[in-house]
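Colleague: Have a look at this one before I ask anything.
Every number in this text was worked out from the coordinates using simple rules, so none of it is lab data. Predicted model only: the values in this text are computed from it and were never measured. Neighbour counts are summed over all protein chains in view; Cβ atoms, including those assigned to glycine, are modelled from backbone coordinates with ideal geometry.
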Amino acid sequence: MNLKKFNLKHTLTYFSIILLGSILLFPTSANAHESVVDPHQTYTYSEMVRDIKLLAERHPNLINYKVIGKSEYGRDIYAVSLGNNDPGGPSVFINGSHHAREWLTTNLNMYMIDEYARAYQAGSTIDGYNVKEVLNKTTMWFVPMVNPDGVTLQQSGLEPFPDSVHGDLIRMNEGSTDFTRWKANAKGVDLNRNYNADWKNIQDARPEPSWAFYKGAAPHSASEVRAVVNFTKSIMPEIAVPYHSAGEVIYWNFKQTGAQYERDHRIAKEVGNITGYELVFPGSNPSGGGMTDWFISKYQRPGLTMEIGKYPGQRHLPISEFDPAWEKNKSVGLYAAEESYQLYEAKFGN
């Protein structure tokens, strides 16, 4: 054996291992800025949870998360913060997937977190917004999937649920095992009709648990809604932005008058200009029960229900709708955060 060649070979192997370990322990700036979230897929609850944890690991000084409650079948409901995380400071609350088949809004929420964090680290702008400047003075809170049971049922059918409830789920789905159109939680409560906003007078409600339109036995009877209500009270955001689908419209008006109406109309018009979405004017007697309705009436603060995508019928949006939805909405969160800061400063600033 040639001893020199042997030692050289093993020395090179040793240094190769050290180099590989250094790369794994200390990621390069290139891979530190790679995307975590792939929004071009059927995005499941488990993938969302994985990505939330990866994002927090990648951006430990910018992203935090916590569990704010559990679904009716015990799935954790996650909230993610992005920004300065100052308790009591200016914040905006964005959420998605109140309705099961509207899970492309979770893709949008998660990609928004990812893209804003990447832009922050890179010191870059999005649609003219200096992301670092906005996030250094505000906190953006997200609940990307309010209804994890419903999303799981809509995407995967009966298998993830106990055999003992399969019959009830089929009955609530009018005898069908195809859950493509499902909107409610897995107990048959339509979460966006369960908020305490003129709940007694909700129009076109179903009388019993169903795939859609059943408002529940009482306001906030659904565990998912209670989680959102309690969380909202804990963070007191200046603006709430629930994402839904579909129709490319904005619901923003729930019985506001006077200066509150003028302020909220101004904000809605600006978001309409950003997205190209039309503003909905519901008239003098809107049907309530929605998260936006509750937030507006409870806190007298602006709420915007954003309906992404072109209406596909009684089903989820196709993945092909993600890119146009993102292009239209990519700066909505930044605008809402900046506007939240301005509203907060007007009330509490020196």
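Colleague: Find all pairs meeting these conditions: Cβ atoms under 7 angstrom apart; at least six residues apart or on different chains; first residue within the range 264-279 and in contact (Cβ under 8 Å) with a residue 24 or more places away in the chain; second residue aromatic (Phe, Trp, Tyr) and in a helix (DSSP H, G or I).
Modeller: As it stands, the answer is Glu270/Tyr335; Val271/Tyr335; Ile274/Tyr335, since those pairs meet every condition given.
Colleague: Still on this structure, I have one more. I'm checking my understanding of the structure. Among residues of the range 159-183 that are surrounded by fewer than 16 Cβ atoms within 10 Å (Cβ to Cβ) and either hydrophobic (A, V, I, L, M, F, W, C) or under 20 Å from the mean Cα position of the chain (by Cα) (or both), which one is nearest to Asn85 (Cα to Cα)?
Modeller: Val165
Colleague: To continue, here is another question. Restricting to the range 243-266, and then to whatever is under 20 Å from the mean Cα position of the chain (by Cα) and closer than 24 Å to Thr138 by Cβ, can you tell me which residue is surrounded by the most Cβ atoms within 10 Å (Cβ to Cβ)?
Modeller: Filtering the range 243-266 for residues that are under 20 Å from the mean Cα position of the chain (by Cα) and closer than 24 Å to Thr138 by Cβ, the one surrounded by the most Cβ atoms within 10 Å (Cβ to Cβ) comes out as Tyr243.
Colleague: Which of the following residues is assigned to a helix (DSSP H, G or I), under 23 Å from the mean Cα position of the chain (by Cα), crowded, with 17+ Cβ neighbours inside 10 Å and small (Gly, Ala, Ser): Ala227, Ala240, Ala197?
Modeller: Of the residues listed, the single one that is assigned to a helix (DSSP H, G or I), under 23 Å from the mean Cα position of the chain (by Cα), crowded, with 17+ Cβ neighbours inside 10 Å and small (Gly, Ala, Ser) is Ala227.
Colleague: Of all residues being of a type in the set (A, V, I, L, M, F, W, C) and under 26 Å from Leu158 (Cβ atoms) in the range 53-77, which is surrounded by the fewest Cβ atoms within 10 Å (Cβ to Cβ)? Just the residue, please.
Modeller: Once the filter is applied, the top-ranked residue is Val67.
Colleague: Somewhere in the range 34-47, is a residue in contact with a Gly (Cβ under 9 Å, 6 or more places away or on another chain) and on the phi < 0 side of the Ramachandran plot?
Modeller: No, the range 34-47 contains no residue that is in contact with a Gly (Cβ under 9 Å, 6 or more places away or on another chain) and on the phi < 0 side of the Ramachandran plot.
Colleague: Let me ask something else. How many of the residues making up the range 300-328 are more than 11 Å from Leu104 (Cα to Cα) and surrounded by 24 or more Cβ atoms within 10 Å (Cβ to Cβ)?
Modeller: Total meeting the criteria: 4.
Colleague: Might you check whether a residue that is in contact with a strand residue (DSSP E or B) (Cβ under 8 Å, 6 or more places away or on another chain) and within 20 Å of Asp198 (Cβ to Cβ) occurs anywhere in the range 328-346?
Modeller: no
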